[in-house]
2 protein chains.
Amino acid sequence: MKQKVLFYHAGCPVCQDAERAVLELLDPARFEVEVIHLGQQKDRLGEAERLGVQSVPALVVNNRVFHINFGAKLTDLK
Amino acid sequence: MKQKVLFYHAGCPVCQDAERAVLELLDPARFEVEVIHLGQQKDRLGEAERLGVQSVPALVVNNRVFHINFGAKLTDLK
């Protein structure tokens with residue numbers, strides 16, 4: 001079974017660049033990426049916050065958050 | 001032929017966490033990671049700077065820099 005990783009973004013250019021890289025780099029045999037647009041899916045903001053996401057783009061693997069470059073603060077997406 | 005990606009770090013806890021994630025996530029069939037410890041390999045600082053690395057840990061793919069969380073500023077490693 002593939003391990004699920006979460007990629008949170010907000011459609012910004014920095015986010016798009018990071019999304020391309022994440023989708024390109026990940027081993028597709030072992031990982032499945034769920035891409036969440038927090039600007040459009042505001043119902044997922046609480047979940048992102050609980051996981052520790054402070055800004056987007058961010059990748060969450062095994063409950064560990066990796067903020068990749070900086071696009072926007074989570075608080076600015078509310 | 002595998003594509004080379006560069007992972008710059010400085011041995012800090014944030015760096016180690018990111019290194020584990022990068023090495024775990026990357027598709028080993030397509031990518032080869034060179035890990036560079038800028039605290040120990042100071043001769044690589046100029047190269048990192050030219051690539052656009054501003055802080056570590058950072059991953060460089062196709063000349064694009066992805067700063068992952070924040071461990072230390074490049075200028076503090078000089």
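Just so you know, all these numbers are worked out from the coordinates, no wet-lab data involved. Values in this document were obtained by computation on a predicted structure and should not be read as measured data. Cβ sites come from the backbone with ideal geometry, for glycine too, and all protein chains shown count toward neighbours.
Starting from the Cα of B:Lys42, step 7 Å along the direction of its Cβ; do the same at B:Met1; then give the gap between the two resulting points in nm.
Using points 7 Å along Cα→Cβ, the separation is 3.4 nm.
Roughly how far apart, in whole Å, are the Cα centres of chain A and the range B:1-67?
Spelled out, the Cα-based centre of one part sits 20 Å from the other.
Name the chain A residue with the Cβ nearest the axis that maps A onto B: which is it, and what is the distance in angstrom?
Checking which Cβ lies nearest the axis yields A:Asp27, 2.
Among DSSP beta bridges lying fully in the protein assembly as shown, give the percent that are antiparallel, nearest 5.
60 percent
When the Kirkwood hydrodynamic radius is evaluated over all pairs of different C-alpha atoms of the range B:23-74, what value in angstrom, to one decimal, is obtained?
Here the Kirkwood hydrodynamic radius works out to 11.8 Å.
Average partner chain C-beta neighbours within 10 Å, per residue of B:20-26?
Averaged over the peptide's residues, the number is 5.
Determine, for the protein assembly as shown, the count of lysine pairs separated by eight or more sequence positions (or lying on different chains) whose alpha-carbon distance falls under 21 Å.
So the count of such lysine pairs works out to 7.
Of the DSSP beta bridges with both residues in chain B, give the percent that are antiparallel, rounding to the nearest 5.
Restricted to chain B, the bridges split so that about 55 percent are antiparallel.
What is the ratio of the Cα radius of gyration of the protein assembly as shown to 2.2 N^0.38 Å, with N the residue count, to two decimals?
1.02
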